[in-house]
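Okay, structure first, notes after.
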Amino acid sequence: MLNSFFKDKFPFCYDYFSTLLNLVKNNQRDFPQGIIFEGSDTKTQYLFTLELARILNCDNYLNPNCDCINCRWIKSYTHPGVNIVSQIHFKGEDDDTKTIISVKQALLIENTLSLSSDYHRFFIFFSSKEKQNFNQDYSDFKTLGYDDNISYAIEPLNNQTFHPTTLNALLKSVEEPPKKTTFVFLTKSKEDILSTIVSRCLVFKLASNKNASGFYNRGIFEDYLNLTFENAFDFSQKLKDCAINQQKDSSEILDEFLLYLKELLKNNIKNDDSYNKILNDVKIVSYSIKQLNANMSDKNTLDTMALRLVRGY
């Protein structure tokens with residue numbers, strides 16, 4: 001299943017997709033046909049997407065180090081069903097554009113989908129350019145067994161590279177794809193993608209983990225230990241202020257808070273009462289992150305979460 005590498009980086013998405021992939025592999029659910037990953041770390045979003053594609057095409061999905069032909073193809077970026085779409089990838093012979101993802105690429109995707117396939121096909125969209133004056137660290141790719149000799153940049157989609165004209169041409173393919181087809185868009189914000197595309201996708205915020213291990217907001221998180229009905233809304237407001245001051249989404253702050261709670265769990269493993277309470281609170285915070293990812297109001301979600309943490313349900 002999913003490599004544990006992602007467990008600390010994207011705890012909510014790690015748990016969500018681990019469960020979903022198991023259901024899909026057991027023919028109990030279909031995998032989403034459209035996904036948008038938001039956040040500042042596009043490179044790791046791409047690696048996470050490749051892992052989803054690898055597992056869905058893997059002959060032995062329970063083994064994160066599987067060496068089947070599908071896994072080898074994906075880790076060397078040569079899988080016939082896993083396609084990168086950028087300004088320099090997935091281009092037809094008659095497409096000489098270099099600065100945008102073009103309408104011709106959208107039509108090429110439509111033609112590709114008209115052909116049958118035994119694979120679970122992925123179309124992964126991000127902005128890119130040939131390797132020149134940029135310096136990206138691909139050591140994480142090597143850690144997971146991927147080829148780290150990557151000759152192009154991995155950057156978020158934006159309005160300049162992904163025009164509404166192209167998105168409109170792509171709409172039919174995203175709306176009614178063949179079975180076992182998934183479109184994934186990597187961006188800092190879903191606001192950079194046409195709303196009609198967004199409405200057909202599940203949106204997840206994959207936050208960078210730069211501050212998570214050090215708990216930059218530990219002082220605020222520790223207020224949780226003294227949470228009461230009287231100060232619940234103050235705690236909620238502090239979390240919201242954190243997001244604004246650090247130019248983050250509220251879900252990114254809750255991702256960090258979730259890691260903090262999991263640290264508390266480890267420290268209270270021998271204290272049954274505390275352990276059970278914190279374990280329940282982990283579920284409450286996880287559910288709140290899910291609500292934020294479903295575009296629920298930040299204020300209402302955080303206020304409700306704070307009250308539930310006091311009540312315990």
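The values are calculated or read from the model by the stated rules, or taken from the named source; none is laboratory data. Because the structure is a prediction, the values reported are computed rather than measured. Please note: Cβ atoms are built from the backbone with ideal geometry, for glycine as well, and neighbour counts cover all protein chains shown.
Details
- Qualifying position, being in contact with a helix residue (DSSP H, G or I) (Cβ under 8 Å, 6 or more places away or on another chain), assigned to a helix (DSSP H, G or I) and not assigned by TED's automatic domain parsing to the domain that holds residue 140, among 248, 283, 240, 277: 240
- Failed condition for residue 258, given (1) touching a strand residue (DSSP E or B) at 6+ places or on another chain (Cβ under 8 Å); (2) in a helix (DSSP H, G or I): (1)
- Residue satisfying all of: in the stretch 294-313; over 17 Å from the mean Cα position of the chain (by Cα) and not in a helix (DSSP H, G or I); surrounded by the most Cβ atoms within 10 Å (Cβ to Cβ) among these: 296
- Residues (surrounded by fewer than 19 Cβ atoms within 10 Å (Cβ to Cβ) and in a helix (DSSP H, G or I)) located in the stretch 1-19: 5, 7, 8, 15, 16, 18, 19
- Check on residue 44, surrounded by 21 or more Cβ atoms within 10 Å (Cβ to Cβ), in the same structural domain as residue 122 (by TED's automatic domain parsing), touching a strand residue (DSSP E or B) at 6+ places or on another chain (Cβ under 6 Å) and not aromatic (Phe, Trp, Tyr): no
- Residue count for the stretch 54-63, restricted to those that are of a type in the set (A, V, I, L, M, F, W, C), part of a loop (DSSP other than H, G, I, E, B) and either buried (at least 17 other Cβ atoms within 10 Å of the Cβ) or touching a strand residue (DSSP E or B) at 6+ places or on another chain (Cβ under 8 Å) (or both): 1
Matching residues to (1) surrounded by 15 or more Cβ atoms within 10 Å (Cβ to Cβ); (2) among the charged types (D, E, K, R); (3) outside the structural domain of residue 33 (by TED's automatic domain parsing); (4) more than 19 Å from residue 74 (Cα to Cα):
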| site | (1), (2), (3), (4) |
| --- | --- |
| 121 | yes, yes, no, no |
| 125 | yes, no, no, no |
| 139 | no, no, no, no |
| 160 | no, no, no, yes |
| 168 | no, no, no, yes |
| 188 | yes, yes, no, yes |
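- Filtered residues of the stretch 154-185 (kept if among the acidic types (Asp, Glu) and not in a helix (DSSP H, G or I)): 155, 176
- Index of the failed condition, residue 291 passing every other in (1) under 30 Å from residue 191 (Cβ atoms); (2) outside any helix (DSSP H, G or I); (3) not hydrophobic (A, V, I, L, M, F, W, C): (2)
- Residues in the stretch 170-184 that are in contact with a His (Cβ under 6 Å, 6 or more places away or on another chain) and surrounded by fewer than 18 Cβ atoms within 10 Å (Cβ to Cβ): there are none.
- When the stretch 20-41 is filtered for residues that are among the β-branched types (Val, Ile, Thr) and either surrounded by fewer than 17 Cβ atoms within 10 Å (Cβ to Cβ) or part of a helix (DSSP H, G or I) (or both), only 24 remains.
- Counted residues, the stretch 64-114 - those being in a loop (DSSP other than H, G, I, E, B), at pLDDT 95 or above and among the basic types (Lys, Arg): 0
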